[in-house]
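Read through the structure below, which is laid out as structure tokens, and then see the notes.
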Amino acid sequence: MFTQIIKIDKYNTDITVKKAGEIIRAGGLVIFPTETVYGIGANALNENSASKIYNAKGRPSDNPLIVHISDEKDIYTLGVNIDNRIEKIISAFWPGPLTLILNKSSNVPYRTTGGLDTVAVRMPSNIIANKIIKESGVPIAAPSANISGRPSITSEEFIKEEFEGKVDMIILDNNSSIGIESTVIDTTGDNIIILRPGFVTKSDIERVINEEVYIDTNLKDNTTKPKSPGMKYKHYSPNCEVYIVDGDNKIEKIYDLIKKDNLSNKKSVVIAKEEYQSLFNNFISLGKDDVTVAKNIFKVLRQLDKENFDKAYFINMSDTELEFSIMDRMKKASGYKII
């Protein structure tokens, strides 16, 4: 398959958006930027188009796709039983990095929802993404643009190598402004439940609806179909072995681990907040604060493989709710290897 690759700018935006909309309407695949991660998009209401996403990513068939819309009113064609509580959440956080799990309408095919009677919907704030959805005239199913199990992509430098020849069009637009994927909340029960933590936090939502919000990111067993991406299957994993290091003696422990790696001819590195940089020779900074870490985390995970590291030691972070979301990604990237 020939893949048209366009670096978007102020001169080619309109023609690029128009072409992307045409491809989506015709049943093709377009990779485009969002404020969270790059997405691989297709017509959410067309089963064949949705199937192309699963095939291009190598994605398990029961892992649901998130449907993206450009107008709040479009949610009423995709979901049912949308109450005042949901409308308050939409008013507060859309457009933005928050996904709602709703009971699906008959308009949404089961191929898009991974066989579930629920549908995941969000309205991105990224201007390019929003324009493409509007131009296509259909809601766009768009999971993260990465091969299933690999780290999500927030930087344009990694898109081409993974998807050229697998999609019809790739639109490049620098780095994502937020980085980690959207917060996913289940609104179908009596309580609001966070299934995937993200940039919008538990406290943020509680302030809007004035009731307690719960967190449940784990499935009861492997036979259960996940309502949200990121709950069941291997995610975010580089080829490099990643370890989370925690505890009062974590710095001394990392020194010892690196010493052993050197003796074994293993190339290792520490990844952490910038405050630790002076303590280590091989170090990749994730940034000074949790917002910057969220923006950089997937790019750094991919950098580990690009620079051929064998092992990476991530210093645990747990001071803020956003750091809780970051740790959700890092636990999965490490395969829950915690020292």
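The values are calculated or read from the model by the stated rules, or taken from the named source; none is laboratory data. In this text, all values refer to a predicted model and were calculated from it rather than measured experimentally. Please note: Cβ atoms are built from the backbone with ideal geometry, for glycine as well, and neighbour counts cover all protein chains shown. The area values use the complete protein model at the heavy-atom level, side chains included, leaving out ligands, DNA and RNA. Shrake-Rupley method; radii C 1.70, N 1.55, O 1.52, S 1.80 Å.
Each Cα pair under 8 Å and six or more residues apart adds its sequence gap; the mean of these over the residue count of segment 241-334 is a relative contact order of 38 percent.
Normalised by the number of residues in the chain, what is the relative contact order in percent for Cα pairs under 8 Å and 6+ residues apart? Relative contact order here is 20 percent.
Converting phi to 3J(HN,Hα) with the Karplus coefficients 6.51, -1.76 and 1.60 and the offset θ = phi - 60°, segment 182-195 yields 4, 5, 10, 10, 8, 10, 8, x, 5, 10, 7, 10, 7, 9 Hz in sequence order, with x at every glycine or proline.
Using amide H atoms built 1.01 Å from N in the peptide plane, name the residues 5+ places from R150, or on other chains, whose amide H lies under 5 Å from its own. Placed amide hydrogens put Y236, S237 under 5 Å from R150. Counting protein heavy atoms only, segment 1-45 has 57 percent of its accessible area on carbon and sulfur, 1.4 angstrom probe. Just checking the listed ones, K260, K227, K299: in the Gaussian network model of the chain with Cα springs under 10 Å, the one fluctuating most is K260. Of the residues I132, I251, S148, the one whose Cα sits farthest towards the positive end of the charge dipole of the chain is S148 (charges of +1 on Lys and Arg Cβ, -1 on Asp and Glu Cβ, taken about the Cα centre).
Taking all protein chains as they are arranged and a probe of 1.4 Å, the heavy atoms of R302 leave approximately 10 Å² accessible to solvent.
Backbone amide hydrogens, once placed in the peptide plane, bring L172 within less than 5 Å of I6, K7, I8, excluding anything fewer than 5 places away on its chain. Amide hydrogen proximity for G79: with H placed 1.01 Å from N in the peptide plane, the residues at 5 or more positions away or on another chain lying under 5 Å are S105. Calculated FRET efficiency, E212 to K266, Cβ-Cβ distance, R0 = 45 Å: about 0.45 to the nearest 0.05.
Using a simple spin-label model with pseudo-atoms 7 Å out from Cα toward Cβ, L279 and N84 lie 5.1 nm apart. Using the rule -39500 (n - 2.57) for each DSSP H run of four or more residues, divided by the residues of the chain, the 222 nm mean residue ellipticity is -9500 deg cm²/dmol. In sequence order, segment 29-36 has phi-based couplings of 10, 10, 9, 9, x, 10, 6, 9 Hz under the Karplus curve 6.51 cos²θ - 1.76 cosθ + 1.60, θ = phi - 60°, and Gly or Pro positions carry x. DSSP beta bridges fully contained in the chain are about 40 percent antiparallel. Take the chain with all the other protein chains still there, run a 1.4 Å probe, and you get 43 Å² of accessible area per residue.
Comparing S155, S91, S268 in a Gaussian network model of the chain, where Cα atoms under 10 Å apart are tied by springs, the biggest mean-square fluctuation is seen for S91.
Placing a label point 7 Å from the Cα of I127 along the Cα-to-Cβ direction, the residues of segment 13-32 with a backbone N closer than 13 Å are 13-14. For the chain, with the dipole built from +1 on Lys and Arg beta-carbon atoms and -1 on Asp and Glu ones, taken about the Cα centre, which of N265, V80, P109 lies farthest toward the positive end? Positive-end residue among those listed: N265. What percentage of the solvent-accessible surface of segment 241-334, computed with a 1.4 Å probe over protein heavy atoms, is contributed by carbon and sulfur atoms? Carbon and sulfur atoms account for 42 percent of the accessible area of segment 241-334. Shown in residue order for segment 262-274 are the 3J(HN,Hα) couplings computed by the Karplus curve 6.51 cos²θ - 1.76 cosθ + 1.60 at θ = phi - 60°: 4, 5, 9, 6, 9, 8, 10, 8, 9, 10, 5, 4, 4 Hz (x for Gly and Pro).
Under the rule that an exposed site lies in a DSSP loop and has at most 11 other Cβ atoms within 10 Å, name the longest stretch of the chain with no chymotrypsin sites (Phe, Trp or Tyr not before Pro) of that kind, not counting the sites themselves.
Here the longest segment lacking exposed loop sites spans 12-335.
Going down the table (K134/K331; K160/K253; K104/K131; K202/K331; K266/K337; K134/K227), which pairs top 28 Å between alpha carbons? From K134/K331; K160/K253; K104/K131; K202/K331; K266/K337; K134/K227, over 28 Å: K134/K331; K160/K253.
With angles folded into 0 to 90 degrees, how steeply does helix 84-93 sit against the dominant principal axis of the chain? Use alpha carbons for both and round to 10. That works out to roughly 60 degrees.
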